[in-house]
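Asks: Can you keep this structure in mind? I'll have questions shortly.
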Amino acid sequence: MTDHQDDAEKFLLAAKRAEIQALEHLAGSCELVIRVSDLVHQLQRERGMSNIYLVSAGNHFSEQRSSQIQNCLSSEGRFRHVLRERYLKDGHSERVHNMRLLNCIAYSLHGLDELRILRNHITAFEISALESTDAYCRLIAGLLSVVLEAADVADDPEVTRILVALFNFMQAKEFSGQERAWGAIGFAGSRFDESLHERIRQLQVCQRQSVDVFLEYAGEADTAQWQSIEQSQPSQDLQRLREVIAGLNDGELIAAEISEVWYQLASARIDAMHGLEDALTEQLLKVSRKRVSGAQSELGQHYAQLQRMKSMDWNRLPTLAVLFDPQLPGLYGGSASAGVSTLHGQPLAHSLYGLIRSQVEHIQRVSAELEETRKTLVERKLVARAKGLLMKSLRMNEDDAYRTIQQRAMDMNLKLVDIAQRIVDASAEQRLGPVVAASRAAGETEYSNGR
């Protein structure tokens, strides 16, 4: 081969090595997600126990909480170890990482740094159960954002599909954990006021929505496992307690002792959900490692094929193969069958150009699959952005902002993402106030018509 042809060969192999490096990076991100999954689960358990401890003035779950704190510390240690090995160890700093992912990690670590102080306040009863729940929810939300960003930077469609399924299932489990926490507060306090009723109802709606997205991306085995969880005895018993809560009048008294029953049933369901999380993370690691192995094998095949081409002294390349390939874009209005007769002699499949074109087709196929899979991630980020705009511009809290978007979507029979897009568009034109006003008037179409 000439020097120029040697350059083409070198860049072909460099492209495959770059793919391997990206896949290895992705496999490392999958390991991080596994640690996040475990840490979130442990923090969810600690949150629920802390609530009952606070509301019962320390009469319940004192020993269990102390033991659970140790579980959290162990899980946090494993999480921090992965971060140091992956992002801070000598020789790793030259890697290019996603800015948003690293910022989410920094936010989560800062929250974990403050967790010791929060625990001390809880132990000394210097904080309410509501404040405690809010603090844990913010910390867990930060950790979940790490999973969301890991999914967003994934360059493999199959890995991204599993990550999207996993993130939405983890989000459903977090809503389940929040329901457990708020239910424990209500039972331990012997009453559910209207505000608590509404919060629990909304959490149940959010669970269903997140599960629906999970099922869209989940495999058959994962779907079957979820159905088994929902049909289990603890889930059915929990549903009956949900119906008891829904049937209580505002402030009606209920036995505080039921708080432990509620916590145990909710925990059994959440623990089963964590089992499905573990199955998803196992799939994630298996697929990511398989992708690395496959790409390494393809690189070896490229080397071998190029050597065979040289040793057999074939023609350098089908004459003008690149410039007259009818499969490539070029002349506007040109015919796909207008290629000249240039590909005779050496088979295209056994040429350097054949390898290059094969790799281009692989990249195009992966990109198309990836774009479709990432659609859900884009939509979720758009909803989060709209929620943030409402919170900032109209001084709403996070729950009220989400419910505003959700209610308007139901009123107009549109998807959340459609309302979110309109809010973002309206914000750009500084018309956010009318959007929210419209969201509170069912049937009003002023905003829908763009007035």
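Asks: Condition check: among the aromatic types (Phe, Trp, Tyr) and in contact (Cβ under 8 Å) with a residue 60 or more places away in the chain. Does residue 214 satisfy that?
Replies: no
Asks: Give the residue that is most open to solvent (accessible area, probe 1.4 Å), with candidates limited to residues of the range 181-218 that are hydrophobic (A, V, I, L, M, F, W, C) and in contact with a Lys or Arg (Cβ under 7 Å, 6 or more places away or on another chain).
Replies: Going through the qualifying residues, I end up with 182.
Asks: Quick check on the range 200-208. Is at least one of its residues touching a Ser or Thr at 6+ places or on another chain (Cβ under 7 Å) and modelled with pLDDT of 85 or more?
Replies: There is at least one residue in the range 200-208 that is touching a Ser or Thr at 6+ places or on another chain (Cβ under 7 Å) and modelled with pLDDT of 85 or more.
Asks: Filter the range 219-265 down to the residues that are open to solvent by less than 40 Å² (accessible area, probe 1.4 Å), closer than 21 Å to residue 279 by Cβ and part of a helix (DSSP H, G or I) and list them by number.
Replies: Selection gives 222, 223, 226, 229, 235.
Asks: Can you pull out every residue in the range 142-180 that is farther than 24 Å from residue 229 by Cα and either open to solvent by 10 Å² or more (accessible area, probe 1.4 Å) or without any contact (Cβ under 8 Å) to a residue 60 or more places away in the chain (or both)?
Replies: 142, 145, 148, 149, 152, 153, 155, 156, 157, 158
Asks: Of all the residues that make up the range 35-57, how many are within 19 Å of residue 182 (Cβ to Cβ) and part of a helix (DSSP H, G or I)?
Replies: Going through the range 35-57 one residue at a time, the tally reaches 15.
Asks: A further question on this structure: Exactly one of these conditions fails for residue 55: (1) open to solvent by less than 20 Å² (accessible area, probe 1.4 Å); (2) over 22 Å from residue 148 (Cβ atoms). Give me its number.
Replies: Every listed condition holds for residue 55 apart from (1).
Asks: Then there is this: Tell me yes or no: at least one residue of the range 279-302 is under 22 Å from the mean Cα position of the chain (by Cα), loosely packed, with under 14 Cβ neighbours inside 10 Å and assigned to a helix (DSSP H, G or I).
Replies: Within the range 279-302, one or more residues are under 22 Å from the mean Cα position of the chain (by Cα), loosely packed, with under 14 Cβ neighbours inside 10 Å and assigned to a helix (DSSP H, G or I).
Asks: While we're looking at this one, here's another question. Out of all the residues in the range 64-84, which are touching a residue at least 40 places away in the same chain (Cβ under 8 Å) and either farther than 17 Å from residue 123 by Cβ or among the polar types (S, T, N, Q) (or both)?
Replies: Listed by number, the residues that qualify are 75, 78, 79, 82, 83.
The rows are residues; the columns are (1) open to solvent by 20 Å² or more (accessible area, probe 1.4 Å); (2) assigned to a helix (DSSP H, G or I); (3) out of contact with any Gly (no Cβ under 7 Å at 6 or more places or on another chain); (4) at pLDDT 85 or above.
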residue	(1), (2), (3), (4)
68	no, yes, yes, yes
73	yes, yes, yes, yes
85	yes, yes, yes, yes
97	yes, no, yes, no
103	yes, yes, yes, yes
108	no, yes, no, yes
120	yes, yes, yes, yes
130	yes, yes, yes, yes
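Asks: Also, I was wondering about something else. Suppose the filter is open to solvent by less than 40 Å² (accessible area, probe 1.4 Å), more than 22 Å from residue 145 (Cα to Cα) and not hydroxyl-bearing (Ser, Thr, Tyr); does residue 408 pass it?
Replies: yes
The values are calculated or read from the model by the stated rules, or taken from the named source; none is laboratory data. Everything numeric in this text was worked out from a predicted model, so none of it was measured. Positions of Cβ are generated from backbone atoms using ideal geometry, with glycine treated the same way; all protein chains shown enter the neighbour counts. Keep in mind that these areas ignore ligands, DNA and RNA; they rest on the heavy atoms of the full protein, side chains included. Shrake-Rupley method; radii C 1.70, N 1.55, O 1.52, S 1.80 Å.
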